[in-house]
Amino acid sequence: MACVIAAGVLFFWDRLQAQGFGGFRNDPNEVILQMIQTMPQGGGYSASNEATARLAEAARNVRGTLTLDPAIAKPNYCSGATYLVFLKTLETLNHHSPITGPLADKLAIGGQPDGVGIWGRWNANGPGTAVLFRELQLGENFTDWNSARPGDFMKIFWNSNVGRREHGHSAIYLGTIDENRIQYVRFWSSNQPNGFGQKQVPKTKMAYVIFSRLLHPEMLQQNYATLPRKNSYLAGLTSKESSLVEAKANSGVE
């Protein structure tokens, strides 16, 4: 059985290499924007156990294959929405083929607590996506608005709290627009009250943002097996206070 699993991993890695990630023939940001267009609309926003159960059905491991069906994820919430786009992006970059083998199990949503596994990191308070990108070497994290591109993942902090009392939002950046001398930020996520869809808010409403850009999806295959089960910093944010300084430090943001 170990030999079969190893062969499957190598086959997937060969496909990743053949896809040409090293030469950037596929721009992950462009693929992310394309995947947003394939996502369902609405469904209602709810950060509830029911929504988590629906997400688990929408991204599950079925006999060794990661099976994605975002239409099931109704109601939904922000981190689940962006994670589904992340998974669909990986599948598309994998020659539009489902992800199989041990990696499928690692990517599936299965009730992982905050900070545990891949989904548990993504879903955590604080800079979950950014920490995951740093640990798996998937890309770069930054805070400079001038460097942001449509298709970047973003963690919005509506105030300066990080951790137990934070008010945040996981989204995908779509750009900025000026209306009546007010600069608005456009993004896609699961937003209150409607669920999946686009939204724009005044930039001044955002206290802080950490962007995460997918640059090296091939590193997921290389590094997932050695990812520690739990990230203690993220796991602790359910009950502890942190700070923007600590969030940046754990994300590798200068």
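For region 86-176, the relative contact order works out to 17 percent when only alpha carbon pairs closer than 8 Å and six or more residues apart are counted. Once the C-beta distance of residue 239 and residue 67 is scaled by a Förster radius of 25 Å, the resulting FRET efficiency is 0.15 to the nearest 0.05.
Is it possible to state the helix-based mean residue ellipticity at 222 nm for the chain, with each DSSP H run of 4+ residues giving -39500 (n - 2.57), the sum divided by total residues, to the nearest 500 deg cm²/dmol? What is it?
Mean residue ellipticity at 222 nm (helix-derived): -11000 deg cm²/dmol.
Computed extension length for residue 246-residue 176: 22.5 nm, one decimal, from 0.36 nm per residue of separation with the Cα-Cα distance subtracted.
Using a cutoff of 8 angstrom between alpha carbon atoms and counting only pairs six or more residues apart, the relative contact order for the chain works out to 24 percent. Provide the percentage of antiparallel DSSP beta bridges, counting only those with both residues in region 2-251; round to the nearest 5. Of the beta bridges lying entirely in region 2-251, close to 95 percent run antiparallel.
For a straight C-alpha distance cut-off of 18 angstrom, the lysines reachable from residue 88 (same-chain residues fewer than eight places away being disregarded) are 74, 106.
In a shell of Cβ-Cβ distance under 12 Å around residue 195, excluding residue 195 itself, what net charge do Lys and Arg (+1) and Asp and Glu (-1) give?
Cβ neighbours under 12 Å give a net charge of +3.
Since every read-out is calculated from the coordinates, none of them should be taken as a lab result. Predicted model, so just to flag it, every value in this text is computed and none were measured. We place every Cβ from the backbone using ideal geometry, glycine too, and count neighbours over all the protein chains shown.
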